[in-house]
Amino acid sequence: MESEYNPPQDPLEVLHEDHEILVVNKPAGLLSVPGKGAHLADCLLARAQEVFPTALLVHRLDRDTSGVMVFGLSPHAQRHLGLQFEKRQVKKTYVARVWGQLSPKSGTVDLPLIVDWPNRPRQKVCHETGREAVTDWRVLRQNAGESRVRLMPRTGRSHQLRVHMLAMGHPILGDPLYATGAAAQYPRLMLHSEELRLRHPDGGAGMRFRARPPF
């Protein structure tokens with residue numbers, strides 16, 4: 001299961017800021033938003049608001065996932081960006097290291113997901129009651145024991161990439177919830193939000209933000 005909460009104390013890494021949006025590189029191990037209880041109060045939102053008091057949440061990354069996250073700096077920006085996520089207009093690209101060798105080298109996972117209530121926060125595939133979840137994937141390189149893949153979710157379900165890779169028989173390395181045995185023996189979840197493409201809330205210009213994977 002998930003370990004004790006000891007978030008990294010790295011300074012806030014700002015990738016972009018202007019009058020409407022703030023884009024940061026979230027470290028692995030830090031919650032996006034506060035958890036329940038004072039011991040889970042430290043999070044990326046709180047750290048962002050220390051420096052940018054008007055920062056507002058738009059979307060989340062799992063605690064153990066690193067990479068690009070965007071905040072609105074006004075209610076207008078939060079609404080505008082939120083609608084883009086809701087309407088699946090934001091293009092999200094992740095990089096992951098997964099167990100084993102994927103074959104073929106690219107494809108699409110289309111498996112509906114729902115919370116696994118007795119084991120929450122785990123999610124599971126359920127064809128009866130699950131919500132649509134679709135992920136495109138492409139192998140970047142492989143060796144004997146693992147594959148480095150680019151993951152492009154079309155939907156934004158909780159733990160989507162982690163459960164989809166598990167369902168294919170290739171759990172993401174270091175996953176504290178879904179990997180077992182040797183696949184779990186890594187210092188962190190090997191999942192990183194590499195790129196977000198979205199429209200700027202002021203004028204609608206297309207923008208692209210990237211952060212290199214630290215693994």
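Applying the selection to segment 160-181, what residues are at positive phi and in contact with a helix residue (DSSP H, G or I) (Cβ under 9 Å, 6 or more places away or on another chain)?
Initially, segment 160-181 is screened for residues at positive phi, giving 169, 174, 181.
Correct list: Gly174 only.
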Legend entry - Only one of Val90, Val58, Val98 that is of a type in the set (Val, Ile, Thr), modelled with pLDDT of 95 or more and closer than 17 Å to Arg162 by Cα: Val98
Inset, instruction - Determine which member of the set Ala167, Ala179 is surrounded by 19 or more Cβ atoms within 10 Å (Cβ to Cβ), at pLDDT 95 or above, among the small types (Gly, Ala, Ser) and out of contact with any Ser or Thr (no Cβ under 9 Å at 6 or more places or on another chain). - result: Ala179
Inset, instruction - Determine if segment 75-89 includes at least one residue that is charged (D, E, K, R), exposed (fewer than 13 other Cβ atoms within 10 Å of the Cβ) and not in a helix (DSSP H, G or I). - result: yes
Inset, instruction - For Ala46, work out the one condition from (1) in a loop (DSSP other than H, G, I, E, B); (2) small (Gly, Ala, Ser); (3) farther than 17 Å from Leu196 by Cβ it doesn't fulfil. - result: (1)
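Might you check whether a residue that is in contact with a helix residue (DSSP H, G or I) (Cβ under 9 Å, 6 or more places away or on another chain), closer than 25 Å to Glu13 by Cα and at pLDDT 95 or above occurs anywhere in segment 182-193?
Yes, the conditions are met somewhere in segment 182-193.
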Inset, instruction - Output the qualifying pairs, or none if there are none: Cβ atoms under 7 angstrom, residues six or more apart or on different chains, first residue in segment 66-78 and over 28 Å from Pro214 (Cβ atoms), second residue modelled with pLDDT of 95 or more and of a type in the set (S, T, N, Q). - result: Ser74/Thr54
Inset, instruction - Return only the number of the condition from (1) more than 24 Å from Gln89 (Cα to Cα); (2) of a type in the set (A, V, I, L, M); (3) without any contact (Cβ under 8 Å) to a residue 40 or more places away in the chain that Ala28 does not satisfy. - result: (3)
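Have a look at Pro27, Pro75 and point out the one that is under 25 Å from Arg199 (Cα atoms) and over 19 Å from the mean Cα position of the chain (by Cα).
Values: Pro27 fails: over 19 Å from the mean Cα position of the chain (by Cα).
Unique residue meeting the criteria: Pro75.
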Inset, instruction - Check whether at least one residue in segment 141-150 is surrounded by 12 or more Cβ atoms within 10 Å (Cβ to Cβ), touching a Leu at 6+ places or on another chain (Cβ under 7 Å), within 19 Å of Asp62 (Cα to Cα) and at pLDDT 95 or above, and report yes or no. - result: yes
Inset, instruction - For residues that are more than 30 Å from Gly130 (Cα to Cα), under 15 Å from the mean Cα position of the chain (by Cα) and of a type outside the set (Phe, Trp, Tyr), tally how many sit in segment 164-215. - result: 5
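Does at least one position in segment 59-73 carry a residue that is surrounded by fewer than 20 Cβ atoms within 10 Å (Cβ to Cβ) and either more than 21 Å from Glu17 (Cβ to Cβ) or basic (Lys, Arg) (or both)? Give the derivation first.
The initial filter retains those residues of segment 59-73 that are surrounded by fewer than 20 Cβ atoms within 10 Å (Cβ to Cβ), namely 59-60.
Keeping just the survivors that are either more than 21 Å from Glu17 (Cβ to Cβ) or basic (Lys, Arg) (or both) gives 60.
Yes - at least one qualifying residue is present in segment 59-73.
The values are calculated or read from the model by the stated rules, or taken from the named source; none is laboratory data. This is a predicted model, so every value here is computed, not measured. Counting neighbours? That spans all protein chains shown, and the Cβs are built from the backbone with ideal geometry, glycine included.
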